[in-house]
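The values are calculated or read from the model by the stated rules, or taken from the named source; none is laboratory data. Quick caveat, the model's predicted, so the values are computed rather than measured. In this analysis, Cβ positions are derived from the backbone assuming ideal geometry, glycine residues included, and neighbour counts consider all displayed protein chains. These accessible areas exclude ligands, DNA and RNA; they are computed on the full protein's heavy atoms, side chains included. Shrake-Rupley method; radii C 1.70, N 1.55, O 1.52, S 1.80 Å.
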Amino acid sequence: MMHILEPDVAWLRDPGASVNRLQVHATWRSRRPIQMLSSTWQVRAVVGTAAELIERAPLQREFEATSVPGVLESDGSQAGEKTELFSRARADRPLLGDRVRASILRREFSLDAPLKDAGERGWMMALTFGGFSGPLYAWVDGTFVGFCPDGFIPAAFDVTEALEPTQTHAISVLLMDSPVCCHGLFREVSLEARPPAHLRDVFPVASHDGTSGSLRLAVEASGGVRVRAALLGEAQQEELWSAVGAPGDQLTARGLNVIGWSAEEPALYTLVVTLGDQDGTEDTIALRIGFRDLVASPKDVSLGGRALVLRGVRRDECHTRTGLAVGLPEMLEDVVWCKRNGVNTVAVSHAPAHARFYELADEYGLYIIDCASTMHGAGAARDEAIEAAVRRDRAHPSVIAWAVGESDAQDSLTRALDPTRPEYTGTGFPELDRVRGKELHYAPVSVAPSYSGVTVRNRMTFTSTSDLEFLCRIVEDGQVTWEYPAFLDVAPGETGFFPVEWPASGMREVSVRLSYGTGWAPAGFEIGRGFMPAPA
């Protein structure tokens, strides 16, 4: 890839693809030295022609304080000026040569010891912007390092040559106005050291036939002579499988003794991939994967040979208080609400969510219909946004479909990057924020008390009701006067019945409760309820 040394205002026209951007990869954990560059930054709201602002950005020295991650509209006492400059989002980008609104952000830093040591050994320094609201130009120590038109998937740039041999370094960012709801660097910023031979991406295809699992692993690397992959058990202690190959080889495994992943039983395993170089340097990454067999037809989506009943909501990652700067507590709150209310599917709206949200969906058990950013229309920027979303999220077992294509060409691009998932549109799910106030939005198990007992309908796809408690009660004048706990094993998709000798009077009520604690609810949490009025 040719490294472009000077910024160009023409990149805002149409707009085009990124400049100097490193390839997007799956979300993983690694042993590479990394320095977080979030917390307090400096910011200046500016107005001028695009050409003037590009020239001004690396030289700007008068600033106010802002938070990263954060949005400029919520910066407290200084929000007034920024809101005036940034909050009036426009549907149409101004013509080149016209005055435009933008922000210049700056952050000074010193290299941590591990990064300084890595730099002295000749490692690449990659500067990553986790999320930003509009077209972004970036400089390090006054040297232009890259441009990206769309900031909903992390954008990384090689800044090795830009770092001057000084104690203190400076990042300058020109963030152009855009039609999104709020503006700023709304996700983390970091600097990572990568060895000369390093992993560029991995794509695990993990399937399950109902008896055992299979794995097909594609590895993209920059240099290196040896790749080792290992699969660790759920407790990350036992090594279930390992293989060695050369960079570019496809590693495969069959007959793995693993449990299939589903939203009801989200079993996860750890895949560890190590790239070795001739001098003994190793680059190691790890990611959680789930084994499931996904099949799509014009009528439905099946997992493990069983048609999925998608009980879903649409989620737009924008918080009423923090805007696009959504933190882990807010993401976890959304996931827990979905699990407690019987929602098993989330359709991501308008732009990809934070990478952590997909990890939570893997862990807690949610099906995700993923999307690419819709900031730009058809063209190079839109195609790049689709590729970035697919590359980042295709390793997640929770992602069961894409909703990214608006044309046959875009569908073809998605299938080329990930032939394992269908294109899924027109869900018609309600918006998550609109249904939050409702209890038991979707009951996975429904109960209907009658004169002689209780009918139980299990709406789950893979899980029986053997671990659920059916607490039968008589309620008179708002008080519980009688209780009877019952248990019944009803297979997925089936209906069962258990007899109850009810007292003669009072309203008959049945509460379906967890008999065990989970990550999203304690033992005794109610997941369904049914009642029968008192006999006349």
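Taking the stretch 271-301 as the range and being at pLDDT 90 or above, among the polar types (S, T, N, Q) and either open to solvent by less than 60 Å² (accessible area, probe 1.4 Å) or under 22 Å from the mean Cα position of the chain (by Cα) (or both) as the test, the residues that pass are Thr274, Thr281, Thr284.
Looking at the stretch 482-532, what strands (runs of 3 or more DSSP E) fall wholly within it and have at least 2 residues that are within 27 Å of Val309 (Cα to Cα) and among the aromatic types (Phe, Trp, Tyr)? Spell out the reasoning first.
On the way: elements: 495-499, 507-514, 526-532.
Per the criteria, 495-499.
In the stretch 211-231, of all residues being over 11 Å from Val273 (Cα atoms) and more than 27 Å from the chain's Cα centre (by Cα), the one that is most open to solvent (accessible area, probe 1.4 Å) corresponds to Thr211.
Test Thr40 against the stated conditions and say whether it is at pLDDT 90 or above and open to solvent by less than 40 Å² (accessible area, probe 1.4 Å).
Values: at pLDDT 90 or above: yes; open to solvent by less than 40 Å² (accessible area, probe 1.4 Å): no.
It is false that Thr40 is at pLDDT 90 or above and open to solvent by less than 40 Å² (accessible area, probe 1.4 Å).
Taking Arg315 as the residue in question, decide whether it is among the basic types (Lys, Arg) and either crowded, with 17+ Cβ neighbours inside 10 Å or more than 12 Å from the chain's Cα centre (by Cα) (or both). In short, yes.
One residue stands out in the stretch 52-86 among those that are closer than 17 Å to Arg321 by Cα and outside any helix (DSSP H, G or I): the one that is modelled with the lowest pLDDT, namely Asp75.
Residue pairs whose Cβ atoms lie under 7 Å apart, sitting 6 or more positions apart in sequence or on different chains, and linking a residue in the stretch 377-404 that is more than 17 Å from Thr420 (Cα to Cα) and free of Cβ contacts under 8 Å to residues at least 60 places away in the same chain to a partner that is open to solvent by 10 Å² or more (accessible area, probe 1.4 Å) and polar (S, T, N, Q), are Ala378/Ser407.
Just wondering, is there one or more residues in the stretch 289-298 that are touching a Lys or Arg at 6+ places or on another chain (Cβ under 8 Å) and either part of a loop (DSSP other than H, G, I, E, B) or of a type outside the set (Phe, Trp, Tyr) (or both)? First the steps, then the outcome.
Kept after step one, since they are touching a Lys or Arg at 6+ places or on another chain (Cβ under 8 Å), are these residues of the stretch 289-298: 294, 296.
Cutting the leftovers down to either part of a loop (DSSP other than H, G, I, E, B) or of a type outside the set (Phe, Trp, Tyr) (or both) gives us 294, 296.
The answer is yes; a qualifying residue exists.
When restricted to residues that are closer than 13 Å to Leu303 by Cα, open to solvent by 20 Å² or more (accessible area, probe 1.4 Å) and not acidic (Asp, Glu), the stretch 255-269 contains 2.
Scanning the stretch 241-268 for residues that are outside any loop (DSSP other than H, G, I, E, B) and of a type in the set (D, E, K, R) turns up just one, Arg254.
Restricting attention to the stretch 149-161, the residues that are at pLDDT 95 or above and either among the aliphatic types (A, V, I, L, M) or open to solvent by less than 10 Å² (accessible area, probe 1.4 Å) (or both) add up to 5.
Can you tell me which of Arg436, Arg457 is closer than 16 Å to Gly530 by Cβ and either open to solvent by 60 Å² or more (accessible area, probe 1.4 Å) or touching a residue at least 12 places away in the same chain (Cβ under 8 Å) (or both)? Break it down into steps so the answer makes sense when it comes.
On the way: Arg436 fails: closer than 16 Å to Gly530 by Cβ.
The conditions single out Arg457.
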